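In what follows, a single structure is set out as structure tokens and then discussed.
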Amino acid sequence: MIDQDRKLSTFPAFFNVAGRKVAVFGNGDEAHAKTRLLANTAADIMVFGASPEPAFKAYLLDNNITSTLIDYNPEQLRGATMVFAATGEATLDAQIVTDARAARIPANAVDQPDYCDFLTPALVNRAPVAVAIGTEGAGPVLAQMIRARVDQMLSPSLGPLAQLAEHYRSAVDRIVPRGATRRQFWRRFFSGTVREAMEKHDIAAAKQATTQLLHETDHAQGYVWLVGAGPGAEDLLTLRAQRVLMEADVILYDALVPETIVDMGRRDAERISVGKRKGCHSKSQREISNLLVDLAGQGKRVVRLKSGDPLIYGRAAEEMSALRDADIGYEIVPGITSAFAAAADFELPLTLRGVASSLVFTTGHDLNSKVLPDWARLAISGATISVYMGRTVAASVAARLMKAGLASDTAVAIVENASQPNRTLIHCTLRELPAIENQTQLTGPVMVIIGDAVAGANFKNSTPLAALVNETAAA
């Protein structure tokens, strides 16, 4: 059974083994594999096995690894920091671990979870940078597949770059003020001209760029990203949005942004809920804009996290204006808007050749005026209409569109919590749409899509609105 809230049974940690004895017991492939893994480290590796297989023996000789060609004896554990039991004999491996535990030495027996004080990960080595991938034994092949992908992502120059950072760390600590200024220095170090020089193997140029970077540092420059968090599913967040969340000192987020996405930021980043939800604003738009200016003015790098896309009903215009007036740099990071997510949930073509060649986004509130907006006329001519926050204005939308001439049997798709596991899919006609206003069990954000193209949707997994109305009445 799948447990969505399962926690790790093991705590990932890195052992300090430099110059310390690590004992491996065994003669065959498993002992060979553990020894190769340990060879990535500066450990003092000692292998104990009476008759290592030829390939293993050759590896030990080629790599100057100490080996003792005798059978197991508990005295061989003396002074060890870590033990691997890989003899291929389950009983002997269990005995080795039992003896190691008695001596308070962490040990690992191959393929015997009850005799493992730690698990060995799949390792990506860019010393001093290391990425360890573990599955708690659930899928070693999966761990290797992930390792291969991560290995491709990380440049071979990453290790030398990190070593250069080690070399300059004391100078940076002495010259660059702590906090946002120092974090910004290291961001520029790892992502700018220093990194580019190291990728070209030009160490002299990298050192020169680092020295210049040190002398340029005075105080941190504030910056703001207006980021679209998408419709709710965290795996629909863009890669750029993930990157800037990890760079932010402060994250300002709306009420509709899931906690799982907010948690993608740095652990030490300040998180501020600005709680903008229909009918309930914890901060006014002016207060939010002023807060962005104030935080960036302090030299902080700020992510303003908005549901969907920041430029679609996200009040980004006011925030951009305030940032421009304060001469603060900013960037827009687009997100997937809810209309696209809702259409994907319904397998619904928003445009359809010969049927709908245009698409309209609206909140529906402009239908309350006496003058029919231009987009309503577009609906009559075949455009697909996506109504955000559509439940409470459904009756007004339906009435005005039918009065303007849109057919009462025009197909309508309704999605609550688009893209999320708890989404609800409903379908109806324009004539039936007003009944959605009374479905108070729909507490999440609701997207209403109207138009002839909706008829091309997949209604297999959706509920007719009439059936929902009858259930509500029966209850």
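List of remarks:
- Sole exception among (1) assigned to a loop (DSSP other than H, G, I, E, B); (2) open to solvent by 50 Å² or more (accessible area, probe 1.4 Å) for N125, by number: (1)
- Of the helices (runs of 4 or more DSSP H) lying entirely inside the range 15-108, those carrying at least 3 residues that are within 43 Å of the chain's Cα centre (by Cα) and over 27 Å from A130 (Cβ atoms) are 90-102.
- R243 of a type in the set (D, E, K, R), under 11 Å from the mean Cα position of the chain (by Cα) and open to solvent by 50 Å² or more (accessible area, probe 1.4 Å): yes
- Within the range 357-390, if we keep just the residues that are open to solvent by 50 Å² or more (accessible area, probe 1.4 Å) and in contact with a strand residue (DSSP E or B) (Cβ under 8 Å, 6 or more places away or on another chain), the residue that is modelled with the lowest pLDDT turns out to be L378.
- Here the condition is being at pLDDT 95 or above and over 30 Å from E416 (Cβ atoms); of L292, L226, it holds for L292 alone.
- Scanning the range 81-115 for residues that are touching a helix residue (DSSP H, G or I) at 6+ places or on another chain (Cβ under 9 Å), closer than 21 Å to S9 by Cβ and modelled with pLDDT under 95 returns V110, D111, Q112, D114.
- A single entry from G139, G192 fulfils the requirement of being under 30 Å from L92 (Cα atoms) and not polar (S, T, N, Q): G139.
- Residue check for A394: hydrophobic (A, V, I, L, M, F, W, C) and farther than 30 Å from L237 by Cβ: no
Conditions (1) out of contact with any Lys or Arg (no Cβ under 9 Å at 6 or more places or on another chain); (2) farther than 18 Å from G329 by Cα; (3) not acidic (D, E), marked per residue:
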position	(1), (2), (3)
L237	yes, yes, yes
L252	no, no, yes
T260	yes, yes, yes
V274	no, yes, yes
I288	no, no, yes
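- For the range 339-354, the criterion of a residue being more than 19 Å from Y253 (Cα to Cα) and among the hydroxyl-bearing types (S, T, Y) is satisfied by at least one position.
- Some residue of the range 401-421 being modelled with pLDDT under 85 and loosely packed, with under 15 Cβ neighbours inside 10 Å: yes
- The residues of the range 126-163 that are touching a helix residue (DSSP H, G or I) at 6+ places or on another chain (Cβ under 8 Å) and either modelled with pLDDT of 90 or more or closer than 16 Å to H201 by Cα (or both), listed by number, are R126, A127, P128, V129, V131, I133, G134, T135, S155, S157, P160, L161.
The values are calculated or read from the model by the stated rules, or taken from the named source; none is laboratory data. Only a predicted model underlies this, so the values are computations on that prediction, with no experimental measurement involved. Note: ideal-geometry Cβ built from the backbone for every residue, glycine included; neighbour counts use all protein chains shown. Just so you know, the surface numbers come from the protein's heavy atoms only, side chains and all, with ligands and any DNA or RNA stripped out. Shrake-Rupley method; radii C 1.70, N 1.55, O 1.52, S 1.80 Å.
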